[in-house]
Protein chains: 2
Amino acid sequence: MNTKKEKMIPVMEIFGPTVQGEGMVIGQKTMFVRTAGCDYQCAWCDSAFTWDGSAKDEIRRLTAREIVNELKATGGDAFSHVTISGGNPALIRHMGELVEHLHEQNIDVALETQGSIWQDWFLSIDDLTLSPKPPSSKMKPNLQILDDIISRLKDQPSNNYSLKVVVFNDEDLDFAESIHKRYPNVLFFVQTGNNQVHEENDKRLVSDLISRYEWLIDRVMERAALNRVRVLPQLHTYVWGNKRGV
Amino acid sequence: MNTKKEKMIPVMEIFGPTVQGEGMVIGQKTMFVRTAGCDYQCAWCDSAFTWDGSAKDEIRRLTAREIVNELKATGGDAFSHVTISGGNPALIRHMGELVEHLHEQNIDVALETQGSIWQDWFLSIDDLTLSPKPPSSKMKPNLQILDDIISRLKDQPSNNYSLKVVVFNDEDLDFAESIHKRYPNVLFFVQTGNNQVHEENDKRLVSDLISRYEWLIDRVMERAALNRVRVLPQLHTYVWGNKRGV
Ligand code: SF4
Ligand code: SF4
């Protein structure tokens with residue numbers, strides 16, 4: 001037992017190695033650490049089990065060192081990249097400790113958050129994705145906080161952080177365009193959403209997701225304001241549907 | 001008519017804007033310029049019409065300026081990125097002129113080549129993909145030339161160029177691993193191939209391509225030598241099957 005008081009991180013699941021299915025390092029071999037808890041409640045959240053109580057018995061409070069040990073036990077030596085997701089992992093003030101432990105072992109760290117809270121350890125994340133939520137989420141992002149986050153990142157290498165907006169409809173795409181306009185020099189991704197997180201028929205799901213992707217491509221192609229934008233799907237849903245832990 | 005003798009580029013097709021479906025800037029909105037002619041004859045070439053004579057009546061010899069004009073006429077102002085592909089566009093010694101014209105208009109330029117020939121204008125490409133061909137192609141890449149190319153690129157920003165190996169089988173994956181080992185600091189992608197370039201049933205094609213992608217993910221996940229690798233499909237085939245010009 002540890003005599004020194006160590007700080008605990010609420011962990012929902014640890015799994016991998018698998019591919020990162022989204023965003024700036026899409027395709028990267030990675031392990032996932034998913035934290036519990038979120039300050040948002042997006043209408044279409046695909047990780048609602050991290051905050052809606054439905055999986056609260058699975059939440060474990062682990063130290064950074066315990067997380068590293070479990071990553072090693074699960075992934076062996078077959079990974080050099082860890083993605084921290086949630087929920088909103090930016091809720092955890094002392095996450096920097098985990099990032100440090102991983103860096104000591106030459107493991108890169110990615111993190112995704114909606115951008116509602118700044119943490120100083122953002123500066124040590126290798127692939128930071130800020131994903132402000134569009135109108136269809138029914139959330140209203142605080143853009144002053146996002147301004148502050150982006151301005152604190154301005155001395156980072158430009159390929160260390162990015163913005164990503166999930167788009168379900170034209171109103172969401174207008175929101176995406178306004179965000180891109182606000183931060184024109186930040187790597188920018190738009191992504192199709194999945195509003196059928198309970199669909200278990202993979203064939204039907206994939207065919208619907210591909211149609212949505214084609215729709216989004218068509219819309220983005222029309223807009224000159226979205227020339228420097230990358231349009232991506234959630235690749236993992238094409239391969240594994242709505243399964244968890246892959 | 002032009003009195004100065006201008007250098008001509010053999011163009012197979014110009015189209016877009018569409019999304020880049022592969023590699024280091026997957027998802028990027030881009031226009032495509034496909035040049036004619038290749039020094040290889042890969043067994044599974046998905047662009048054989050650029051070199052096998054089957055579409056030779058479609059080849060046009062255009063100046064750099066004519067290409068820029070046609071890009072503008074086709075894409076309007078809805079693009080800021082052009083991808084030059086082939087065939088092997090590195091066969092064309094004076095391609096640098098086109099790259100310059102595009103840069104003057106604040107347009108980024110990507111280029112894909114198998115890496116069989118060096119050209120000085122590689123240094124001005126924004127997203128350069130070198131794609132040495134694996135055993136299943138029945139080609140034998142000259143790795144001394146590739147060594148030379150990589151060493152000439154070493155002062156470029158690391159996210160300006162990448163290696164990409166198409167993988168159909170385990171032997172190809174061994175080849176990919178040997179390439180990654182040879183150039184461990186170069187951004188590295190493995191990609192599923194499409195050996196059904198004449199399949200017109202999109203549903204069957206997509207379901208087969210997704211199975212291949214899952215197979216490749218599984219193989220890469222096992223190998224610790226492939227930790228810093230990104231595994232991607234050809235996204236455009238999921239959306240448009242084998243259609244040309246999208
Ligand atoms: S911010 Fe993310 S985790 Fe939180 S509710 Fe929204 S989609 Fe779910
Ligand atoms: S190098 Fe590319 S264009 Fe040339 S034959 Fe091979 S696949 Fe086709």
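Structure above, values below:
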item	result
Distances in nm from residue A:56 to the matching label points in the other copies, shortest first (labels 7 Å along Cα to Cβ)	7.5
Pseudo-label separations to other copies for residue B:70 - Cα-to-Cβ vector, 7 Å, nm	5.8
The stretch A:54-164 - percent relative contact order, Cα under 8 Å, separation 6 or more	22
Estimated vicinal HN-Hα couplings, Hz - the stretch A:101-115 in sequence order (Karplus 6.51, -1.76, 1.60; Gly, Pro = x)	4, 5, 4, 4, 9, 6, 10, 7, 10, 10, 8, 10, 8, 6, x
Label geometry 7 Å along the beta-carbon vector: residue B:104 inter-copy distances in nm	5.6
Whichever lysines have a C-alpha closer than 30 Å to that of residue A:154, once near sequence neighbours (fewer than 8 apart) are set aside	A:7, A:29, A:133, A:138, A:140, A:164, A:181, B:29, B:154
Karplus (6.51, -1.76, 1.60) ³J(HN,Hα), θ = phi - 60°, over the stretch A:116-129, in Hz, Gly and Pro reported as x	9, 8, 8, 9, 4, 6, 3, 5, 9, 6, 7, 9, 9, 10
Rounded to 5, percent antiparallel among DSSP beta bridges of the protein assembly as shown	30
Taking N as its residue count, the alpha carbon Rg of the stretch B:8-240 over 2.2 N^0.38 Å	0.98
Loop GluC sites (Glu not before Pro), the stretch B:133-210 (other Cβ atoms within 10 Å of the site Cβ: 11 or fewer; DSSP)	B:200
Between the stretch B:14-56 and the stretch A:169-223, the alpha-carbon center distance in angstrom	26
Axis proximity, chain A to B: residue whose C-beta lies nearest, plus whole-Å distance	A:159, 2
Free-standing Cys, chain A [no other Cys Cβ under 4.7 Å]	A:38
Backbone N under 18 Å from the residue B:170 label point (7 Å along Cα→Cβ), restricted to the stretch B:209-242	B:212-226
Amide proton proximity set for residue A:51, modelled H, under 5 Å, gap of 5+	A:37
Contact order relative to length of chain A, as percent, for alpha carbon pairs under 8 angstrom and 6 or more apart	18
DSSP-defined beta bridges in chain A - what % are antiparallel, rounded to 5	30
Per-q log10 I(q)/I(0), the stretch B:89-163, q = 0.19, 0.26 Å⁻¹ (Debye; single scatterer per alpha-carbon; no solvent)	-0.79, -1.30
Rg to Rh quotient for the protein assembly as shown, alpha carbon positions, Kirkwood Rh	0.97
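A short reminder: the numbers here are calculations on the coordinates, not readings from a lab. Just so we're clear, the structure is a prediction, and the values are computed from it rather than from any experiment. As a convention, Cβ positions derive from the backbone with ideal geometry for all residues, glycine included, and neighbour counts pool all protein chains shown.
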